[in-house]
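Take a look at the structure set out below.
The values are calculated or read from the model by the stated rules, or taken from the named source; none is laboratory data. Since this is a predicted model, take the numbers as computed values, not measurements. A quick note on method: Cβ atoms are made from the backbone with ideal geometry, for glycine too, and the neighbour counts reach across all protein chains shown.
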Amino acid sequence: MHRIIAVSAGISAPSSTRTLAEQLAGATESAITARGEAVHTEFLDLRDLAVDLAHTFTSPGYSSPALTAGIESVTNAEALIAVTPIYKASYSGLFKMFFDIIDAKALVDKPVLLAATAGTPRHSLALEHAVRPLFSFLRARTIPTAVFAATEDFGGDAADDLQARIVRAANELAMSLMAESSTVGGLGGSFARHGEDDEGTGGSFADRLRKYN
């Protein structure tokens, strides 16, 4: 059973950000089950953790059962769908606060599908200029296709284009997840799932370089 978690940082209810997360999760589930494998998706709405997140930053050592459970769910999931609203050309503060407090190694080599919503298409490049660099820093394995949805994309002719992007991204995430799970230990796969550096996996760079001298 594959485990996926969809994290959305929408602050309204209903939320277009949550809607996009649901559509991406549904398409990913379809892509996985079509290949004969089972999957379970959990949803995490960061708006429910907003107060706890604020306390975490203002009261060192603070946590809550809900926040702890959310962090553990993201850490233990095999893949992540991360969806944020875009404000002033970047991810929301709520979104950033959550990923600021998770362990630095929690997302290492984890397949991640990035998505965002905004009021206008003018914010579409924020996914590549702001969101993807954040997850690159966390050493997550982001899939190539990121999905941006402006308000106008949820209806009319634009809805078909959005759906096509959703399906393409979902297939990429499914293939990445299933390829990883089918890798035979010792013959390939991730090299740094647990965050090991060069010194912890094969000696220092200088030691390895001497082998070629």
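Quick look at the values:
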quantity: Whichever residue in segment 110-138 is among the charged types (D, E, K, R) and under 11 Å from the mean Cα position of the chain (by Cα) and, among such residues, is surrounded by the fewest Cβ atoms within 10 Å (Cβ to Cβ); calculated: R132
quantity: Test set (1) loosely packed, with under 14 Cβ neighbours inside 10 Å; (2) closer than 23 Å to E180 by Cα; (3) of a type in the set (S, T, N, Q) - T142 fails condition number; calculated: (1)
quantity: Residue count for segment 89-99, restricted to those that are surrounded by fewer than 17 Cβ atoms within 10 Å (Cβ to Cβ), in contact (Cβ under 8 Å) with a residue 40 or more places away in the chain and under 21 Å from R47 (Cβ atoms); calculated: 0
quantity: Segment 86-145: number of residues that are at pLDDT 95 or above, outside any helix (DSSP H, G or I) and small (G, A, S); calculated: 7
quantity: Pairs where the first residue, in segment 151-166, is aromatic (F, W, Y) and the second is in a helix (DSSP H, G or I), C-beta under 8 Å, 6+ apart; calculated: F154/S16; F154/T19; F154/L162
quantity: Check on I11, over 30 Å from M175 (Cβ atoms), in contact with a strand residue (DSSP E or B) (Cβ under 8 Å, 6 or more places away or on another chain) and either outside any helix (DSSP H, G or I) or in contact (Cβ under 8 Å) with a residue 12 or more places away in the chain (or both); calculated: yes
quantity: Residue list for segment 111-124, restricted to those being more than 19 Å from A21 (Cβ to Cβ) and touching a residue at least 24 places away in the same chain (Cβ under 8 Å); calculated: T120, P121
quantity: Members of segment 99-121 found to be touching a helix residue (DSSP H, G or I) at 6+ places or on another chain (Cβ under 6 Å) and closer than 16 Å to A146 by Cβ, listed by number; calculated: P111, V112, L113, L114, A115, A116, T117
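Matching residues to (1) under 12 Å from A170 (Cβ atoms); (2) in contact (Cβ under 8 Å) with a residue 24 or more places away in the chain; (3) assigned to a helix (DSSP H, G or I):
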{"site": "L24", "(1), (2), (3)": "yes, yes, yes"}
{"site": "A27", "(1), (2), (3)": "yes, yes, yes"}
{"site": "S30", "(1), (2), (3)": "yes, yes, yes"}
{"site": "G36", "(1), (2), (3)": "no, no, no"}
{"site": "F43", "(1), (2), (3)": "no, yes, no"}
{"site": "D48", "(1), (2), (3)": "no, no, yes"}
{"site": "D52", "(1), (2), (3)": "no, no, yes"}
{"site": "H55", "(1), (2), (3)": "no, no, yes"}
